[in-house]
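The values are calculated or read from the model by the stated rules, or taken from the named source; none is laboratory data. Source: prediction; values computed, not measured. We place every Cβ from the backbone using ideal geometry, glycine too, and count neighbours over all the protein chains shown.
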Amino acid sequence: MARKPSKRSNIENNDPKELNLVPYLDIVVNVIMFLIYTTTVIQMGVINVSAPKYGSGSAGSGSKQQEKPPLNLSVFITDKGFTIAATGGVLPGIGTGEEAKTKGPTIPKVNDPNKCSAMKRREEAPCYDYVGLIKKLAEIKKIFPDETKINISAEENIRYEVLVNVMDAARENPFERDENNNPMQMFYDVVFAAGL
Amino acid sequence: MIDGEFYMESTNEKNVIKSESEELKGPPQRKQRKKRLEEHDYPLNITAMMDMMTIILVYLLKNYSTDPTSITPQNDLSMPFSTTRLKIEAAVPLAISKNSILVNDKEVCKIINGKVDPNCKEGKNEEQYFIQTLYNALDAERQKQEEIAAYNPTQQFKGLVLVMGDKDTPFRVISEVLYTAGQAQFGNFKFIVLKNPD
């Protein structure tokens, strides 16, 4: 004869039991560690550059209606400094002496250590005069306020860092502020031209 | 009730004797209660900690998903600093490190002594601007994107490349890479730079 099943062992425990969260917490802590490890803290930005468009200068009747011819502002980076040119011609050198004015670049390299450490840069003298470049481009911007395009070209051995610095110098003028207290925008439409 | 049971279980003979002797010195009830509190094992309340961890996890996952490109810093690729304020968009990553050119983290050509390996160019001609292996990789990428665009009109091919250059890369290498990308119909470049700490 079978025994009557025990009442005591079949009673369900109605006490609320707490969920064991410890293994779940283990997983969450591991995932957090992984995410923190893989997320890079470095803040990155972007500079827009477009490739030169060959043979697409005329846009039909639209270009004929324009009164002003395009400025076609160009900056050439050489070992000696920056040369600024536009449709009208090449800007003469700012240095003193006949040779600097006729043969040298518009903004030659400088030996002044104060200028080399300006704009949070630490470069060995002689270094590129970015402050001089900003001031010169600001002068041009005042004469041509609607112009935003700039062609940048360089000698073959010029480093990429110098190019980025030139693009920074051309994009905004930190010495003048607009109505929102942001640096004055200058030539932010960069076009890369092939080597000299 | 539970506390009492626990106290009964955890006390040993020595403690009982000690507490009996202490009973004579001070108020007996308070001493006993204090002792009971000291011996009680309090478990850590994990629920509150779990709450906190879940919030951190959700925050991190959200940050992780909004990052359009996974740019892993490499030893031979130190990017220059810039004052730009524009943010990164998703596009084809093209890295120019000290030793190689990479498309989508895959090496397509080597850079030897600051010059593109002539073996990557047609006819091994050093003077040429066109890098054949880079063109092949970018052309495959363009075909892939156009195929996606055929099924999904919102994902149109824009010819956008994210260029990550090492700060010591010579201009010749950059212009060769940009020229080749232009040939593969990638005409809009976004140079990735590190933001200047203000």
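Kindly establish whether B:LEU134 is within 14 Å of another protein chain (Cβ to nearest Cβ), touching a residue at least 40 places away in the same chain (Cβ under 8 Å) and over 30 Å from A:LYS17 (Cβ atoms). Talk me through it step by step, then tell me what you get.
Values: within 14 Å of another protein chain (Cβ to nearest Cβ): no; touching a residue at least 40 places away in the same chain (Cβ under 8 Å): yes; over 30 Å from A:LYS17 (Cβ atoms): yes.
Here the answer is no, as B:LEU134 does not meet what is asked.
In the range B:104-155, what count of residues is obtained for those that are acidic (Asp, Glu) and more than 19 Å from B:TYR179 (Cβ to Cβ)? Break it down stepwise before answering.
Taking the range B:104-155 and keeping what is acidic (Asp, Glu), we get B:105, B:107, B:117, B:122, B:126-127, B:139, B:141, B:146-147.
Checking the rest, the ones that are also more than 19 Å from B:TYR179 (Cβ to Cβ) come to B:105, B:107, B:146-147.
Residues that pass the stated criteria total 4.
One line per residue, one yes/no per condition, for (1) in contact (Cβ under 8 Å) with a residue 24 or more places away in the chain; (2) more than 29 Å from the chain's Cα centre (by Cα):
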site: B:THR154; (1), (2): no, no
site: B:ARG172; (1), (2): yes, yes
site: B:ALA181; (1), (2): yes, no
site: B:PRO197; (1), (2): no, no
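Would you say B:GLN145 is more than 23 Å from the chain's Cα centre (by Cα), surrounded by 16 or more Cβ atoms within 10 Å (Cβ to Cβ) and among the polar types (S, T, N, Q)? Walk me through it before giving the result.
Working: more than 23 Å from the chain's Cα centre (by Cα): yes; surrounded by 16 or more Cβ atoms within 10 Å (Cβ to Cβ): yes; among the polar types (S, T, N, Q): yes.
Judged against the criteria, B:GLN145 is a match.
Quickly run through the range B:150-167 and pick out the residues that are assigned to a loop (DSSP other than H, G, I, E, B) and modelled with pLDDT of 90 or more. It would help to see each step written out before you state the result.
If we filter the range B:150-167 for residues that are assigned to a loop (DSSP other than H, G, I, E, B), which is where we start, we get B:152-159, B:166-167.
Across the range B:150-167, the qualifying residue is only B:ASP166.
Considering the range A:170-189 alone, what residues qualify as being facing chain B (nearest Cβ under 9 Å) and at pLDDT 85 or above?
Selection gives A:ARG171, A:GLU172.
I'm trying to understand the selection: among the residues of the range B:151-165, which are more than 7 Å from every other protein chain (Cβ to nearest Cβ) and either closer than 21 Å to B:SER97 by Cβ or out of contact with any helix residue (DSSP H, G or I) (no Cβ under 6 Å at 6 or more places or on another chain) (or both)? Write out each step before concluding.
Applying the first criterion (more than 7 Å from every other protein chain (Cβ to nearest Cβ)) to the range B:151-165 yields B:151-164.
Within the range B:151-165, B:TYR151, B:ASN152, B:PRO153, B:THR154, B:LYS158, B:GLY159, B:LEU160, B:VAL161, B:LEU162, B:VAL163, B:MET164 qualify.
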